[in-house]
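S.K.: First the structure, which I've put down as structure tokens, then a few questions once you've had a look.
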Amino acid sequence: MYNENKRNFMNILLTFCAVGILLLGSFTGSAKPAYMLTVETDQYYYFPGEIVYVSGRLTEDGTGLVGDVCITVTDPDETPVFSVCTVTTSEGYYDVNVPLLPDAMLGVYAVTSETESHSLQASTTFEVIEGYRLTVTTNQSQYHPGGEVNITGRLTENGSGVPSGGVCVNVTDPNETPVFGICLYTGPEGYFEFPFPLAPDARLGTYTVTAENASHNLQASTTFDVIAELRCGDVNKDGEIGLGDVIKLLNYLFRGGEGPDPGCLGDANTDGNVGLGDAVFILNYLFRGGPEPDYQCCNL
Ligand SMILES: [Ca+2]
Ligand SMILES: [Ca+2]
């Protein structure tokens, strides 16, 4: 009895020793490569509507590795709101842009990055916080001197309009000289709007519109261009109606020369087509006291 127990005990002991040696062998004999996956965001706090730049790297023993990486973003309710898979570069890097909705839920979001091939996972968090935003825009991107620029914008708090917010708007010309400035209050839904008339001799080039809200330290800007008014009949765009325009037009019509650009410039008689009648119209105007080509036909 005693001997049997002793034998059993010895058997168990030997088995433990054998397993121990085997385990030791597997740990020391074959060192596994150290795969690593990282993930991070470009900042911690975001406003709704902003873009979260997610990036990271897959490495093996510190060297970049090409592989599939899937990124999932979950909102504060742990509901997945974004998911995408990408492939790392030859250096192991990856990045994706995660756009937050303008009405994105506030709170802490989790970003999880995974590689199926190496069963790796990495995660990080970011927070969406209530924020104020200011926007400004113009109704067109191009105007002629003497035209009217309609400037609009909006002040929002977490996507909702903020009424009675103080906004100052300044316009600078292509020489960065201030040409217009106004301070006003936003309306019921946080919007503001006003016209800015361009002088008839307004400088040509790119203008900058800057809006500011001092109480929330916000700034927004946009640009527009003032371009020379096109004059129908001024086919060669030298600013005048002359014989050169007739010659260019005839060259285009009969000799395969370059056409008016835009085409409306050649339509001196404003009948909707470019033809011999336009050349005749210009000649009549130049030499026979005929009517002047319509300035406005190419208007924006
Ligand atoms: Ca001309
Ligand atoms: Ca015509």
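Coordinate-derived values only; no laboratory data. Just so we're clear, the structure is a prediction, and the values are computed from it rather than from any experiment. No Cβ is skipped: glycine too gets one built from the backbone with ideal geometry, and neighbour counts run over all protein chains shown.
S.K.: Can you report the principal axis dimensions of the stretch 243-298 using only the alpha carbons, biggest first, rounded to whole angstrom?
M.R.: Result for the stretch 243-298: principal-axis Cα extents of 30, 22, 15 Å.
S.K.: Under 5 Å between amide H atoms, partner at least 5 residues away or on a different chain: which partners does residue 85 have, H built in plane at 1.01 Å?
M.R.: Those lying under 5 Å, H to H, from residue 85 are 71.
S.K.: How would you rank 243, 106, going from fewest to most other Cβ atoms within 10 Å of each one's own Cβ?
M.R.: Final ranking by Cβ density, sparse to dense: 243, 106.
S.K.: Which helices, taking whole DSSP H runs in the chain, have alpha carbons extending 15 angstrom or more along the helix axis plus mean Kyte-Doolittle at least 1.0?
M.R.: Flagged H segments are 276-287.
S.K.: Once each part is reduced to its C-alpha centroid, what is the distance from the stretch 137-180 to the stretch 245-300 in angstrom?
M.R.: If you average the Cα positions of each part, the centres end up 38 Å apart.
S.K.: Pulled fully out, how much extra length does the chain show between residue 203 and residue 89, if you take 0.36 nm times their separation in residues and subtract their Cα-Cα distance?
M.R.: Length gained, residue 203 through residue 89: 36.2 nm.
S.K.: Please list log₁₀ I(q)/I(0) at q = 0.11 Å⁻¹ for the stretch 35-128, using the Debye equation with identical point scatterers on the alpha-carbon positions.
M.R.: -0.30
S.K.: Please list the three semi-axes, largest first and in whole Å, of the ellipsoid equivalent to the chain, using sqrt of 5 times the eigenvalues of its alpha carbon gyration tensor.
M.R.: Those come to 72, 30, 14 Å.
S.K.: Still on this model: If we count every other residue with Cβ under 11 angstrom of residue 47's Cβ, Lys/Arg +1 and Asp/Glu -1, where does the sum land?
M.R.: With Lys, Arg at +1 and Asp, Glu at -1, the neighbours total -3.
S.K.: Using the beta-carbon distance between residue 164 and residue 271 and R0 = 45 Å, what value does 1/(1 + (r/R0)^6) give for FRET efficiency, to the nearest 0.05?
M.R.: 0.25
S.K.: Pairs of alpha-carbon atoms within less than 8 angstrom and 6+ residues apart define the contacts here; what relative contact order does the stretch 33-76 have, in percent?
M.R.: Across the stretch 33-76, relative contact order equals 39 percent.
S.K.: Moving to a separate point now. As an exercise, identify the GluC sites (Glu not before Pro) in the stretch 226-300 lying in DSSP coil whose Cβ has no more than 15 other Cβ atoms within 10 Å.
M.R.: When the GluC sites (Glu not before Pro) of the stretch 226-300 are filtered for loop state and at most 15 Cβ neighbours within 10 Å, 240, 258 remain.
S.K.: Okay, next question. Mind putting together the pair-distance distribution for the stretch 90-240? All Cα pairs, 5 Å bins, whole percent per bin, short to long.
M.R.: Taking every Cα pair in the stretch 90-240, the percentages come to 2, 8, 14, 14, 11, 10, 9, 8, 7, 7, 5, 3, 2, 1, 0.
S.K.: How much net charge surrounds residue 196 when only other residues with a Cβ under 15 Å from its Cβ are counted (Lys, Arg +1; Asp, Glu -1)?
M.R.: Surrounding charge for residue 196 is -3.
S.K.: Moving on to the next point. For a paramagnetic label modelled at 7 Å from the Cα of residue 216 toward its Cβ, which residues of the stretch 38-81 fall within the zone defined by backbone nitrogen distances under 15 Å?
M.R.: Correct set: 46-50.
S.K.: Would you pull out the residues with amide H under 5 Å of residue 106's amide H, same chain only if 5 or more places away, H placed 1.01 Å from N?
M.R.: Those lying under 5 Å, H to H, from residue 106: there are none.
S.K.: Please give the calculated 222 nm ellipticity per residue for the chain, where each DSSP H segment of at least 4 residues contributes -39500 (n - 2.57) and the sum is spread over every residue; nearest 500 deg cm²/dmol?
M.R.: The helix-only estimate for the chain comes to -6000 deg cm²/dmol at 222 nm.
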